[in-house]
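Single-structure report; data block below.
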Amino acid sequence: MAKILITGGAGFIGAHLCQKLLTQGNEIICLDNFFTGNKNNVAELLSNPNFKLVEHDVEESYNFEVDQIYNLACPAAPIWYQKDPVKTVRTNIMGAINALELAKKIGCRVLQASTSEVYGDPLVHPQNEKYWGNVNPIGRRACYDEGKRCAETLFFDYYREYGIDIKVVRIFNTYGPKMAVEDGRVISSFIVQALQNKDLLVFGEGKQTRSPCFVADTVDGLVAMMASENFVGPVNIGKDDEYTIKELAEKIIQLTDSKSKIVFKPLPEDDPIRRRPDLNLAKEKLNWSPQISLEEGLLKTTEYFKKVL
Ligand code: NAD
Ligand code: UDP
């Protein structure tokens, strides 16, 4: 049994991670400022004596005696990380420094939830971990993309300079239950629109691609990375089946038996055209690969939204 700190633990991925690690018998401290996360996401864990919820902003330092830190705190949906971009940069940079400083002080392992956005609008396809990316440093996505890139830099500088026990995971588009209804990311938005028989708003011509991964697979990947030895990453975690956004919209309309129509809206600035992870490194180093099909994941997510809408 380990003592584990999860920043951003009341968010979408964080809440699933809290649940999994608690079920495995660990003691969890969940730290969150509830910007995009919600107490409801961890409501069923609150009565467990091994679970502690702490309201705190990772821009400010914190102090706990733990064996592991998962650093997930950061809004992840474009409409949310662009609401206060300066705050997003600070969350990424100060959040990384505060996690690393605690790891340095108490000598624990620390994992950074990085992102496929470090590859920007990629010129290499599929993206492997050796690719340095194609990011616009002054665009509207930069607060997130460059914030996450700088957080990776900090992790590797603390590793080289102070020998901190780091792990860096680049998460690709993940979806599932517990995404906020107002989250704005593609799959949750399409499912909510389809269940309400409203138009599905596809940006651009819907020809851009993503490779959606169900949250249980992503969480298994994060836990496998934390448990790994002699490997710091970065490592891609995601699913390597690629779909256009229009295909995803059509699939969701069909799965939900919805009367919704597809309506096209302008493509947001710097929206990446293609994205698919190369998962060879994760398979080799972590013996991990995603198990849940898109159909199964979409059905589970739809069941969730039927309950909360
Ligand atoms: P989310 O927005 O649901 O969760 C983020 C959590 O961090 C929320 O609970 C939020 O309240 C909290 N938070 C934000 N700023 C904070 C701050 N300053 N101090 C304390 N808490 C703060 O997003 P998610 O999808 O669960 O993403 C979790 C992590 O995984 C993020 O770091 C994100 O960048 C990364 N990630 C997610 C995806 C994905 O597809 N879901 C892809 C790549 C990377
Ligand atoms: N998208 C869309 N309609 C929506 C939300 C997103 O067409 O309501 C598109 C968006 O333009 C992008 C893709 O879906 O091309 C994935 O967007 P999301 O915000 O989920 O993630 P990210 O762009 O960060 O990969």
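Let's see how each residue does on (1) assigned to a strand (DSSP E or B); (2) surrounded by fewer than 22 Cβ atoms within 10 Å (Cβ to Cβ):
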residue	(1), (2)
ALA103	no, no
LEU111	yes, no
VAL124	no, yes
ARG140	no, yes
GLU146	no, no
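If you check ILE187, ILE166, which single one turns out to be β-branched (Val, Ile, Thr), in contact (Cβ under 8 Å) with a residue 24 or more places away in the chain, at negative phi and within 15 Å of ligand 2 (Cβ to nearest atom)?
ILE187
Please determine, by comparing only the residues of the range 287-305 that are within 19 Å of the chain's Cα centre (by Cα) and part of a loop (DSSP other than H, G, I, E, B), which one is surrounded by the most Cβ atoms within 10 Å (Cβ to Cβ).
Ranking the candidates gives PRO290 first.
Looking at the range 70-92 only, could you name the residues that are assigned to a helix (DSSP H, G or I) and either farther than 25 Å from LEU53 by Cβ or in contact with a strand residue (DSSP E or B) (Cβ under 9 Å, 6 or more places away or on another chain) (or both)?
PRO78, ILE79, PRO85, VAL86, VAL89 - these are the residues of the range 70-92 that are assigned to a helix (DSSP H, G or I) and either farther than 25 Å from LEU53 by Cβ or in contact with a strand residue (DSSP E or B) (Cβ under 9 Å, 6 or more places away or on another chain) (or both).
Can you find a residue in the range 88-106 that is within 16 Å of ligand 2 (Cβ to nearest atom) and in contact with a Leu (Cβ under 7 Å, 6 or more places away or on another chain)?
no
Listed here are the residues, each with its yes/no results for (1) within 12 Å of ligand 1 (Cβ to nearest atom); (2) modelled with pLDDT of 95 or more; (3) buried (at least 18 other Cβ atoms within 10 Å of the Cβ); (4) of a type in the set (Gly, Ala, Ser).
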residue: VAL168; (1), (2), (3), (4): yes, yes, yes, no
residue: ILE171; (1), (2), (3), (4): yes, yes, yes, no
residue: GLY176; (1), (2), (3), (4): yes, yes, yes, yes
residue: MET179; (1), (2), (3), (4): yes, yes, yes, no
residue: ALA194; (1), (2), (3), (4): no, yes, yes, yes
residue: GLY204; (1), (2), (3), (4): no, yes, no, yes
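Only one of these conditions is not met by MET1: (1) more than 18 Å from GLN112 (Cβ to Cβ); (2) among the hydrophobic types (A, V, I, L, M, F, W, C); (3) in contact with a helix residue (DSSP H, G or I) (Cβ under 9 Å, 6 or more places away or on another chain). Which number is it?
The number of the failed condition is (3).
Would a scan of the range 215-226 turn up a residue that is within 12 Å of ligand 2 (Cβ to nearest atom), buried (at least 19 other Cβ atoms within 10 Å of the Cβ) and among the small types (Gly, Ala, Ser)?
no
Checking the condition more than 20 Å from THR7 (Cα to Cα) and more than 14 Å from ligand 1 (Cβ to nearest atom), which residue from ASP67, ASP121 passes?
ASP121
Name every residue in the range 16-48 that is within 8 Å of ligand 1 (Cβ to nearest atom), farther than 20 Å from ASP84 by Cα and touching a residue at least 60 places away in the same chain (Cβ under 8 Å), in order of residue number.
Of everything in the range 16-48, just one residue is within 8 Å of ligand 1 (Cβ to nearest atom), farther than 20 Å from ASP84 by Cα and touching a residue at least 60 places away in the same chain (Cβ under 8 Å), namely ASN41.
Give the residues of the range 102-117 that are β-branched (Val, Ile, Thr) and under 13 Å from ILE237 (Cα atoms), sorted by residue number.
Scanning the range 102-117 gives a single hit, THR115.
I'm checking my understanding of the structure. Among residues of the range 248-286 that are without any contact (Cβ under 8 Å) to a residue 40 or more places away in the chain, in a helix (DSSP H, G or I) and farther than 21 Å from ARG170 by Cβ, which one is nearest to ligand 1 (Cβ to nearest atom)?
GLU250
Kindly indicate which of PHE214, PHE172, PHE231 is more than 24 Å from LEU299 (Cβ to Cβ) and in contact (Cβ under 8 Å) with a residue 12 or more places away in the chain.
Just one listed residue meets the conditions, PHE231.
When only residues in the range 1-15 that are near ligand 1 (Cβ under 7 Å from one of its atoms) and not small (Gly, Ala, Ser) count, which is farthest from the chain's Cα centre (by Cα)?
THR7
Away from ligand 2 (no atom under 16 Å from the Cβ) and either within 30 Å of SER189 (Cβ to Cβ) or among the basic types (Lys, Arg) (or both), is that true of GLU65?
no
Looking only at the range 131-149, which residues are touching a residue at least 60 places away in the same chain (Cβ under 8 Å) and either more than 16 Å from ligand 2 (Cβ to nearest atom) or touching a Phe, Trp or Tyr at 6+ places or on another chain (Cβ under 9 Å) (or both)?
Selection gives ARG141, CYS143, TYR144, GLY147.
Of the residues LEU53, LEU21, LEU46, LEU17, which single one is crowded, with 17+ Cβ neighbours inside 10 Å, away from ligand 2 (no atom under 16 Å from the Cβ) and over 19 Å from GLN112 (Cα atoms)?
Answer to the check: LEU53.
The values are calculated or read from the model by the stated rules, or taken from the named source; none is laboratory data. Since the structure is predicted, the reported quantities are computational estimates derived from the model, not experimental observations. Every residue, glycine among them, receives a Cβ derived from its backbone with ideal geometry; neighbour counts consider all protein chains shown.
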